[in-house]
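The structure under discussion appears below in the form of structure tokens.
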Amino acid sequence: MSVRACRDPDEAVAGIEDGSTILVGGFGMAGMPADLIEALIRQGATELTVVSNNAGNGDTGLAALLDKGRVRRIVCSFPRQSDSWVFDRLYHEGRIDLEVVPQGTLAERLRAAGAGIGAFYSPTGAGTLLAEGKETREIAGRTHVLEYPIKGDVALIGAHRADGMGNLVYRKTARNFGPVMATAATTVVAQVHEIVDIGALDPEAVVTPGIYVDRVVQVVSAA
């Protein structure tokens with residue numbers, strides 16, 4: 001499989017279907033694939049399920065996608081922040097569904113999807129509202145909750161550099177959910193600051209191998 005270098009973000013998100021599950025990288029705005037999200041808004045896909053660390057910041061990026069009414073359900077760890085007014089409004093109006101997942105559990109559910117793990121037990125959330133309706137088991141004297149993988153149709157991630165084979169390196173805290181999301185989606189689209197020649201990246205610095213990446217686009221604002 002070879003990576004496709006796209007001429008712009010619009011080409012990179014072409015073909016995303018209504019009702020898709022979209023994994024969106026980023027921790028706040030660090031690693032957020034803002035250009036790809038803006039292109040997805042223009043592309044028009046709707047009734048989306050979005051999986052991300054949070055539910056958007058301010059009026060841009062993921063928050064802008066929510067504001068357009070394109071997202072019917074969001075799975076995240078931190079839906080409410082000081083600047084999450086778009087999500088707050090939609091949720092209180094009953095226009096978006098929410099599943100809250102503890103941050104470590106969210107990362108592990110994504111990793112499990114990429115690793116082919118059918119399910120796993122975690123003590124996080126046991127005895128709280130987050131465990132309601134879920135199977136539990138006592139392991140080593142502690143209650144654990146059964147959690148299932150999260151698989152995406154498409155992952156939109158932000159990295160720093162890519163080479164012609166799609167190998168990705170990240171910059172500082174932009175290396176957050178992108179690597180695990182890249183293993184958990186059928187189609188992986190990465191926006192990067194720079195595309196370099198094959199062999200220009202130090203193999204020891206590559207975090208996401210190109211075998212996971214389907215499309216790459218160079219943008220000015222990548223992480």
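The values are calculated or read from the model by the stated rules, or taken from the named source; none is laboratory data. Every value quoted in this text rests on a predicted model; they were computed, and no experiment measured them. Glycine also receives a Cβ, built like all others from the backbone with ideal geometry; neighbour counts cover every protein chain displayed.
Would you check if there is a residue in the stretch 119-127 being within 23 Å of Arg72 (Cα to Cα) and surrounded by 14 or more Cβ atoms within 10 Å (Cβ to Cβ)?
No, the conditions are met nowhere in the stretch 119-127.
Please indicate, with yes or no, whether at least one residue in the stretch 60-69 is buried (at least 17 other Cβ atoms within 10 Å of the Cβ), of a type outside the set (Ser, Thr, Tyr) and part of a strand (DSSP E or B).
Among the residues of the stretch 60-69, not one is buried (at least 17 other Cβ atoms within 10 Å of the Cβ), of a type outside the set (Ser, Thr, Tyr) and part of a strand (DSSP E or B), which makes the answer no.
With the condition kept exactly as written, say whether any residue in the stretch 204-220 is farther than 30 Å from Gly125 by Cβ and without any contact (Cβ under 8 Å) to a residue 12 or more places away in the chain.
Checking the stretch 204-220: at least one residue is farther than 30 Å from Gly125 by Cβ and without any contact (Cβ under 8 Å) to a residue 12 or more places away in the chain.
Is it the case, given these coordinates, that Val71 is at pLDDT 95 or above, more than 23 Å from Lys172 (Cβ to Cβ) and out of contact with any Asp or Glu (no Cβ under 9 Å at 6 or more places or on another chain)?
no
Would you confirm whether any residue within the stretch 74-81 is among the aromatic types (Phe, Trp, Tyr), within 20 Å of the chain's Cα centre (by Cα) and either more than 19 Å from Ile150 (Cα to Cα) or assigned to a loop (DSSP other than H, G, I, E, B) (or both)?
no
When only residues in the stretch 28-37 that are surrounded by fewer than 21 Cβ atoms within 10 Å (Cβ to Cβ) and either touching a strand residue (DSSP E or B) at 6+ places or on another chain (Cβ under 8 Å) or of a type in the set (Ser, Thr, Tyr) (or both) count, which is modelled with the lowest pLDDT?
By that ranking, first place goes to Gly28.
So, in the stretch 38-51, of the ones that are touching a Lys or Arg at 6+ places or on another chain (Cβ under 9 Å) and part of a helix (DSSP H, G or I), which residue ends up surrounded by the fewest Cβ atoms within 10 Å (Cβ to Cβ)?
Ile41
May I ask you to list the residues in the stretch 109-130 that are of a type in the set (Gly, Ala, Ser) and either touching a strand residue (DSSP E or B) at 6+ places or on another chain (Cβ under 9 Å) or free of Cβ contacts under 8 Å to residues at least 12 places away in the same chain (or both)?
Of everything in the stretch 109-130, those that are of a type in the set (Gly, Ala, Ser) and either touching a strand residue (DSSP E or B) at 6+ places or on another chain (Cβ under 9 Å) or free of Cβ contacts under 8 Å to residues at least 12 places away in the same chain (or both) turn out to be Ala112, Ala113, Gly114, Gly116, Ala119, Ser122, Gly125, Ala126, Gly127.
So which pairs qualify, if the first residue must be in the stretch 86-108 and in a loop (DSSP other than H, G, I, E, B), the second must be small (Gly, Ala, Ser) and surrounded by 14 or more Cβ atoms within 10 Å (Cβ to Cβ), the Cβ gap must be under 9 Å, and the two must be at least 6 apart or on different chains?
From residues that are in a loop (DSSP other than H, G, I, E, B), the pairs are Ile96/Ala55; Val101/Ser77; Val101/Gly125; Pro102/Ser77; Pro102/Ser122; Pro102/Gly125.
Given the criteria aromatic (Phe, Trp, Tyr), surrounded by 18 or more Cβ atoms within 10 Å (Cβ to Cβ) and within 23 Å of Arg111 (Cα to Cα), does Phe87 qualify?
The answer is no for Phe87.
Could you please find all residues in the stretch 19-40 being within 20 Å of Tyr91 (Cβ to Cβ) and not small (Gly, Ala, Ser)?
Thr21, Ile22, Val24, Ile37
If you go through the stretch 17-27, how many residues are within 20 Å of Thr208 (Cβ to Cβ) and assigned to a loop (DSSP other than H, G, I, E, B)?
Of the residues in the stretch 17-27, 2 are within 20 Å of Thr208 (Cβ to Cβ) and assigned to a loop (DSSP other than H, G, I, E, B).
Could you grab me the full set of residues in the stretch 33-52 that are without any contact (Cβ under 8 Å) to a residue 60 or more places away in the chain and either under 29 Å from Thr105 (Cβ atoms) or touching a helix residue (DSSP H, G or I) at 6+ places or on another chain (Cβ under 8 Å) (or both)?
Glu38, Ala39, Ile41, Arg42, Gln43, Ala45, Thr46, Glu47, Leu48, Thr49, Val50
Please determine whether any residue of the stretch 150-170 is closer than 20 Å to Val51 by Cα and either over 23 Å from the mean Cα position of the chain (by Cα) or of a type in the set (S, T, N, Q) (or both).
No, the stretch 150-170 contains no residue that is closer than 20 Å to Val51 by Cα and either over 23 Å from the mean Cα position of the chain (by Cα) or of a type in the set (S, T, N, Q) (or both).
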